[in-house]
Amino acid sequence: MSELATVEVVKNAGISSSARMARPRGMTMVIEGEIGADELADIGEMLLSLSFDGVTDLVIDLRGVSHLDYRGIPSLVRRAEVFRELGGDVKLAGLSPYLFTIFQAAGANDSFDFFAEVSDAQRSFHDAVMVQGH
C-alpha cells in the first residue's frame, strides 16, 4: 500500500461464540488516504481472508478516503461478489459525494449498499436478520 493509504480492521459487532475461540461475525474495515487500484485489489483480497476467518457482516468505512482510483473498483466488486457467495455481505459507509460519483462512473453503484454513517450500515445487518426471522 502507498504511504497515503491505511487500512484498519476493527471488530465491532456480533461476536459468535465457540467453545474454543470466539470469532467476530461483524467487522468494520476503516480505510484512509488516497486509494489506488493496487490498494483496492489488496482490500479485495482481505475480503476473502476475512470471509475464511468467519466474518459475514463487513462494513467498509470510507470517511477518511480522499481519492479512489476508479480502475480498481471492478476488482473490489468481484471480490465482494465472492464474499457474498461465501455467505457474507459487504456494505460501504461514509462516502463523500465525490467518492460516490467515482463508484457511479465505474458502474458499481448497484454493487453495494451505501450508507452515510457506519452505524447505519452496521445496523442494516441486524435489521435484515430481524426481517428474515420476523
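Details
- Residue satisfying all of: in the range 49-77; exposed (fewer than 14 other Cβ atoms within 10 Å of the Cβ) and part of a helix (DSSP H, G or I); farthest from the chain's Cα centre (by Cα) among these: Arg71
- Filter result for Ser96 (among the polar types (S, T, N, Q), free of Cβ contacts under 8 Å to residues at least 40 places away in the same chain and over 15 Å from Met29 (Cα atoms)): yes
- Total residues in the range 104-121 satisfying the condition of being of a type in the set (A, V, I, L, M) and surrounded by fewer than 17 Cβ atoms within 10 Å (Cβ to Cβ): the figure is 2.
- Complete set of residues in the range 37-67 that are within 17 Å of Leu86 (Cα to Cα) and either charged (D, E, K, R) or touching a Gly at 6+ places or on another chain (Cβ under 6 Å) (or both): Glu45, Ser51, Asp53, Thr56, Asp57
- Some residue of the range 96-103 being in a helix (DSSP H, G or I), surrounded by 17 or more Cβ atoms within 10 Å (Cβ to Cβ) and at pLDDT below 95: no
- Checked against (1) buried (at least 16 other Cβ atoms within 10 Å of the Cβ); (2) at pLDDT 95 or above; (3) more than 20 Å from Met46 (Cα to Cα), Ser124 passes all but a single condition, namely (2).
The values are calculated or read from the model by the stated rules, or taken from the named source; none is laboratory data. Bear in mind that the values here come from a model prediction, so they are computed numbers and not experimental data. Counting neighbours? That spans all protein chains shown, and the Cβs are built from the backbone with ideal geometry, glycine included.
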